[in-house]
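Asker: Could you have a look at this structure, given as structure tokens, before my questions?
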Amino acid sequence: MNLFADIRSLVVAAVADLVAAGVLPGGLDTAAITVEPPREASHGDMATNAAMVLAKPASLAPRVIADALATRLRTDPRVARVDVAGPGFLNLSLTPDLWQGVVKAALTMGTEYGKSSLGAGQKVNVEFVSANPTGPMHVGHVRGAVVGDALARLLAYSGWNVTREYYINDGGAQVDVLARSAYERYREAHGLDPEIAEGLYPGDYLIPVGQAMKDKWGATLLDQPESVWLLDVREFATRMMMDEIRGDLAMLGVQMDVFSSEKALYGTGKIEAAIQTLRDMGLIYEGTLEPPKGKTLDDWEPRVQTLFRSTAHGDDVDRPVMKSDGGWTYFAPDIAYHFDKVQRGFDQLIDILGADHGGYVKRMKAAVSALSGGRVPLDIKLVQLVKLFKNGEPFKMSKRAGTFVTLRDVVEQAGADVTRFMMLTRKNDVALDFDFAKVLEQSKDNPVFYVQYANARVNSVLRKARDAGVACDDATLAAADLGKLGHEAELAMARKLAEWPRLVEIAARANEPHRVAFYLFELASDFHGLWNKGNDEASLRFLQEDTAISQSKIALARATGVVICAGLGILGVTPVEEMR
RNA sequence: GGUCCCAUAGCUCAGCUGGAUAGAGCGCUACCCUCCGAAGGUAGAGGCCGCACGUUCGAAUCGUGCUGGGACCGCCA
């Protein structure tokens, strides 16, 4: 149920009528026609740009088309009034029972109200987090995790078949470093002094790994050369780190569907096959790259490498897939991995990456474009930094000093729900401030609290109504006569609820879950406003002498609660029923 | 030098893939309230949407060129 979509269909049908009647020429493209809420409430309930969009292709003045459309639209029973305004806007006022329909839909469908079939069951793969398995997740990863998970929920809500995927970078040199670092902790577990050389991971989180190694291998690895233990220890430590990361994700409420391993691509011919596929397209060649301009590299010397002609698919320079020593660059397994995703039949790929991967976007898009024959779009969302604050003071992180903040630190202090909501209060490509003190504040300044509080108030109304013996189950409320709601503030509330399905659609199309958080804040704002008006005007309170009137008002409140719950569901935040 | 991102009220930010007189919160000003429908309320002031061209009925939004801030820039991931 999407009222805006319904009315848009009505407008498009009216255009078709005019074409049939010979008023408008045939073959008009109606795609650009929009029906949206007007900025000014005095302009009615909905506005459409149809007349202005069609004016040029139809070679008619916008006002002429607008007048003709207005005449048609007035004959529809849903439309109470049509005005032609400005350069050719059509402002529509709808009959009150349509708003009643919105409330009724929310009450009968519950949090399904707002779901759509926009995605048409298409398979989309959302890859996110993909933190290196060399340590616990830190704050930097939290935002990516939340954005990715919320996006996955948003797309699932909008009719996509979603797979959440984590790519484990367990094939590169960094896991060797992990193994060496763990080995030192293993020696430490035997009472020896660990030698944490420059470049190794110094974190305490490896101490339990060393202990577990001792439990597993006893003293058999002591004083052995690296060649003896490296592979086994790498495997072991990586596994432990991934267990830790899984635990971190669980704390945040993130559940992956698939974990893919980079290492598993080696030795299976998958990398070779992906590169060969590109080679068959004539996109692989041997050559030398120009040195990067403006950046002086002391040790630069031109070398012949195997290059991917990514410039043929929109990149700025060709990219190496093989190093001069014959080993793969990190790009090669990534190509193979994305090729694998394409071959698994996804219609759309989304990667959520940290902003430091910006230079990587074009080459990956080029690879996917080439390997899928342009069939599978890859959308890469870069997530900007999170700046931590404590009481307004910047909170400095340093890996060396051991003061880096882990996901666990954040969630333990702020809670998973608050953390998730806050991470979505900014669009992904803008840096975000996270103040530990502020996010726990119980005031209007805190959007999480404000939204939760609105829902708690809805539940408080329901509790009181029940205590007063007013029937207020959803079925009863859905049948309530909303014709009794006449006040402008109440109608505005219903209008806001009508926007929910439309908002979801817009957010899903743009892959932007933060829009849901902003909508919820506005919705909560409207609800609190209505509530406050009840302090002055007793007639606006939700509980009245007359049961039928009470039920109509409670229905509106309950519908608001339903939409808040639906929205929080997309954000992965648990609604609270009562503030404490 | 190149690529990507950002620039909107004093501050922090929204802004519907191009719509009408550009919005919210904080802060500020003035009133009201201190009642568990509690964890404040109402109203007001405040704008060259970084700058300049361009695209068209119409631009904060799209294009080009600047300015300022951030991230990244063979063989590390």
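Asker: Output the qualifying pairs, or none if there are none: Cβ atoms under 6 angstrom, residues six or more apart or on different chains, first residue in the range A:187-212 and under 15 Å from residue A:134 (Cβ atoms) and touching a residue at least 12 places away in the same chain (Cβ under 8 Å), second residue part of a loop (DSSP other than H, G, I, E, B) and of a type in the set (A, V, I, L, M).
Answerer: A:202/A:196
Asker: Looking at the structure I just gave you, is residue A:24 in contact with a Leu (Cβ under 8 Å, 6 or more places away or on another chain), on the phi < 0 side of the Ramachandran plot, without any contact (Cβ under 8 Å) to a residue 60 or more places away in the chain and surrounded by fewer than 18 Cβ atoms within 10 Å (Cβ to Cβ)?
Answerer: no
Asker: Where residues in the range A:221-275 are farther than 30 Å from residue A:145 by Cα and of a type in the set (Asp, Glu), which of them is surrounded by the fewest Cβ atoms within 10 Å (Cβ to Cβ)?
Answerer: My answer is A:223.
Asker: Can you say whether residue A:306 is among the β-branched types (Val, Ile, Thr), away from RNA strand B (no atom under 12 Å from the Cβ) and more than 30 Å from residue A:414 (Cα to Cα), as far as the supplied structure shows?
Answerer: No; evaluated as a whole, the condition is false for this residue.
Asker: Of (1) more than 16 Å from RNA strand B (Cβ to nearest atom); (2) farther than 30 Å from residue A:316 by Cα, residue A:376 satisfies all except one. Which?
Answerer: Evaluating residue A:376 over (1) more than 16 Å from RNA strand B (Cβ to nearest atom); (2) farther than 30 Å from residue A:316 by Cα leaves (2) as the failure.
Asker: While we're on this one: On the given criteria, is residue A:30 among the hydroxyl-bearing types (Ser, Thr, Tyr), closer than 30 Å to residue A:156 by Cβ and in a loop (DSSP other than H, G, I, E, B)?
Answerer: yes
Asker: So which pairs qualify, if the first residue must be in the range A:522-535 and farther than 19 Å from residue A:462 by Cβ, the second must be more than 7 Å from RNA strand B (Cβ to nearest atom) and part of a helix (DSSP H, G or I), the Cβ gap must be under 6 Å, and the two must be at least 6 apart or on different chains?
Answerer: A:533/A:489
Asker: Could you run through the range A:85-114 and say how many residues are surrounded by fewer than 18 Cβ atoms within 10 Å (Cβ to Cβ), in a strand (DSSP E or B) and out of contact with any Gly (no Cβ under 6 Å at 6 or more places or on another chain)?
Answerer: Result for the range A:85-114: 1.
Asker: Identify the single condition in (1) small (Gly, Ala, Ser); (2) free of Cβ contacts under 8 Å to residues at least 60 places away in the same chain; (3) outside any helix (DSSP H, G or I) that residue A:345 does not satisfy, given that it satisfies every other one.
Answerer: (2)
Asker: From the set of residues in the range A:253-282 that are more than 15 Å from residue A:336 (Cα to Cα) and assigned to a loop (DSSP other than H, G, I, E, B), which is nearest to RNA strand B (Cβ to nearest atom)?
Answerer: My answer is A:256.
Asker: Those residues that are aliphatic (A, V, I, L, M) and either surrounded by 16 or more Cβ atoms within 10 Å (Cβ to Cβ) or on the phi > 0 side of the Ramachandran plot (or both), I need them from the range A:513-542; list them, please.
Answerer: A:516, A:517, A:520, A:523, A:524, A:530, A:540
Asker: Here is a follow-up. Suppose we filter A:341, A:293, A:323 for residues that are charged (D, E, K, R) and either surrounded by fewer than 13 Cβ atoms within 10 Å (Cβ to Cβ) or on the phi > 0 side of the Ramachandran plot (or both); which single one remains?
Answerer: A:293
Asker: Looking only at residues that are surrounded by fewer than 21 Cβ atoms within 10 Å (Cβ to Cβ), farther than 19 Å from residue A:44 by Cβ and in contact (Cβ under 8 Å) with a residue 12 or more places away in the chain in the range A:483-511, which one is farthest from RNA strand B (Cβ to nearest atom)?
Answerer: Here the residue is A:483.
Asker: Looking at A:427, A:387, A:381 in this structure, which one is within 11 Å of RNA strand B (Cβ to nearest atom), in contact with a His (Cβ under 6 Å, 6 or more places away or on another chain) and not hydrophobic (A, V, I, L, M, F, W, C)?
Answerer: A:427
Asker: Could you pull out the residue among A:498, A:548 that is touching a Lys or Arg at 6+ places or on another chain (Cβ under 9 Å), part of a helix (DSSP H, G or I), at pLDDT below 95 and over 23 Å from residue A:432 (Cα atoms)?
Answerer: Criteria check complete, one pass: A:548.
Asker: Also, I was wondering about something else. Look through A:197, A:189, A:179 and report the one residue that is over 32 Å from the mean Cα position of the chain (by Cα), within 16 Å of RNA strand B (Cβ to nearest atom) and modelled with pLDDT of 95 or more.
Answerer: A:179
Asker: Would you mind finding the one in A:321, A:376 that is out of contact with any Cys (no Cβ under 9 Å at 6 or more places or on another chain), among the β-branched types (Val, Ile, Thr) and part of a strand (DSSP E or B)?
Answerer: It is A:321.
Asker: Additional query: Out of A:439, A:451, I need the residue that is in a helix (DSSP H, G or I), of a type in the set (Val, Ile, Thr), out of contact with any Pro (no Cβ under 8 Å at 6 or more places or on another chain) and closer than 30 Å to residue A:107 by Cβ. Which one?
Answerer: Just a single option satisfies the conditions, and that option is A:451.
Conditions (1) at pLDDT below 90; (2) within 16 Å of RNA strand B (Cβ to nearest atom); (3) crowded, with 17+ Cβ neighbours inside 10 Å, marked per residue:
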{"site": "A:18", "(1), (2), (3)": "no, no, yes"}
{"site": "A:38", "(1), (2), (3)": "yes, yes, no"}
{"site": "A:41", "(1), (2), (3)": "yes, yes, no"}
{"site": "A:66", "(1), (2), (3)": "no, yes, yes"}
{"site": "A:73", "(1), (2), (3)": "no, yes, yes"}
{"site": "A:78", "(1), (2), (3)": "no, no, no"}
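Asker: Suppose we keep only residues that are surrounded by fewer than 23 Cβ atoms within 10 Å (Cβ to Cβ) and in a loop (DSSP other than H, G, I, E, B) within the range A:473-482. Which one would you say is nearest to the chain's Cα centre (by Cα)?
Answerer: So the residue we want is A:473.
The values are calculated or read from the model by the stated rules, or taken from the named source; none is laboratory data. For clarity, every value in this text was computed on a predicted model and none was experimentally measured. We place every Cβ from the backbone using ideal geometry, glycine too, and count neighbours over all the protein chains shown.
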